[in-house]
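Just below is one structure, and these are the notes that go with it.
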Amino acid sequence: MLIAQHSVAGEGFVYPLPLHDDSTATDQNALDAFLAHQSNLPWVVFRAAHRAANYPELPARARAVLAALARTVDANNPYASIFARRELLTGRAMQSMRTFYRSLDDLEAAGLIERAPQKRYGNAGLFGRAYLHLTERSAMVLGYISPSPDTEASESHASRDSSVATFSQTFEAPCASVADGAIYKDLFPKNQKRQPGAVPADLERLLGLGFRQFLIFKLMREAKAQAKLLSDVVEATWDHLKQAKRPISYLRALLRSPVDFSHQIRAKRTADEHKARDVARAAQITATVHECAGRTFIDDAYSKLVVVSNDARSIFVQDRREVSPRVATGQWAESFVAALKAKALKQATQKQIADFRERCMGNAVRSTAECNTSVRIAHPRARTADIGDRLEEMKRTLRAACAGVNRASPSLPSISESSLNQPSAR
């Protein structure tokens, strides 16, 4: 039922209705004309598409895909990669995606295309495109290259054998079993923001003090917020932490304190390294001294002879000006090993030892003669009677002076000037 009739509303003259509806046929004709004029193919490409659509040895679906490939490939370089998406090829072949892949299998089984393995991008790690390539046979079939006589013979032989060829798939197994996307770029990133599965090895001892695994992770975050490392805090205060009644509260108080625990750890490690170095040095010195036990060494100037005892507990040092050697006391091992490393001491031969002993004996005889001569020269003078009388007289004079007695007293004998100047007799 019409709401407004032509005669009543008066719309018939303004918007007249068509006598018959042929809009569908008009649209189809326009579409056909548009499709016919939208592609202007060269003669070589048009001939290749015609040959592909009429190739008798292929099913209809494979011929449609081969015609689409003939329209897509570069006519001047038929062996180049075919840069075309699956949507473009399926649209030109007017097939679904599953039918398109079956058609590619048929073309590959017939030896008309080559399907290269899927590649990856260098840096991103994503899957790339799998390009298609025309074979020499398909290029000759499509007319892009002229066949040679040998090629024609081999082609006829291959066409006879293609009927009994077995179907083979190029890809026996998929290239990857994971989905293509951002997760495939790095399956094990270094900066994961997820919680690790295990507590660090240096913090596992906290589990014995009542700490739970998730609490340790939380304390690690709290320590990081305080610009500290939980491992350093535990290492620096472990002796006190394991004796605390409430270790969790004590550890949190340590995290809030302004103490630089990392500096304490570094100082402790430095001290341990120095101690270990000293221990190793002492062990090396002891080993070197034990290797030199019972040997005799002499310096470069041939002035000292050093003999190491058989038990390597002491050394005997003899100077060339001395008759008998002296026993070294104190920390002699370090200076002895240092002299060996500096090559200030070398192992003495028997001839060098004999010469050194002979020189020491000569020095001893010479020193003995010099001592005897000096004794004879400095022999003390003998005391005579005159010297004794004068000494007694001087004593009496001194006693009188101390007692306040006059020195000119007749009771005291006078000391003449001649007696004072008289030389003493030996």
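Here, each number is a calculation from the coordinates, and none is a lab measurement. These numbers come from a predicted model, not from an experiment. Note that each Cβ is placed from the backbone with ideal geometry, even for glycine, and that neighbours are counted across all protein chains shown.
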Report, by chain and number, residues whose modeled amide H sits under 5 Å from the one on Ala312, excluding near sequence neighbours (fewer than 5 apart, same chain). Gly294
Is the C-alpha gyration tensor of the range 208-352 telling us rounded, prolate or oblate? Criteria: a/c under 1.5 is rounded; beyond that, a/b larger than b/c is prolate, otherwise oblate. prolate
Furthest towards positive pole of dipole, Val259, Ala236, Ala225, structure part the range 204-291, Cβ charges: Ala225
Between Thr270 and Glu322, how high is the FRET efficiency from 1/(1 + (r/R0)^6) when r is the Cβ-Cβ distance and R₀ = 51 Å? Nearest 0.05. 0.65
Extending each Cα 7 Å along its Cβ direction at Tyr131 and Ile387, get the distance between those two points in nm, one decimal. 12.9 nm
Using DSSP to define loop residues, name the trypsin sites (Lys or Arg not before Pro) in the range 214-290 whose beta-carbon has at most 10 other beta-carbon atoms within 10 Å. Lys245
Would you mind checking the range 283-318 for residues with the amide N under 16 Å from a putative spin-label position 7 Å along Cα→C-beta of Thr329? 314-317
Could you please report the charge total around Gln318, scoring K, R as +1 and D, E as -1 over all other residues with beta-carbon less than 15 angstrom from its beta-carbon? +2
Among 317-327, 95-105, how do they line up by average Cβ neighbours within 10 Å per residue, starting with the highest? 95-105, 317-327
Using the beta-carbon distance between Asn76 and Arg115 and R0 = 22 Å, what value does 1/(1 + (r/R0)^6) give for FRET efficiency, to the nearest 0.05? 0.45
Links that overshoot a 20 Å alpha carbon limit, given the list Lys228/Lys268; Lys304/Lys346; Lys228/Lys275; Lys304/Lys341: Lys228/Lys275
Positive minus negative residues near Val306 (Lys, Arg vs Asp, Glu; Cβ under 11 Å): +2
Length gained, Gln213-Ser249, 0.36 nm per residue minus C-alpha separation, equals 11.3 nm
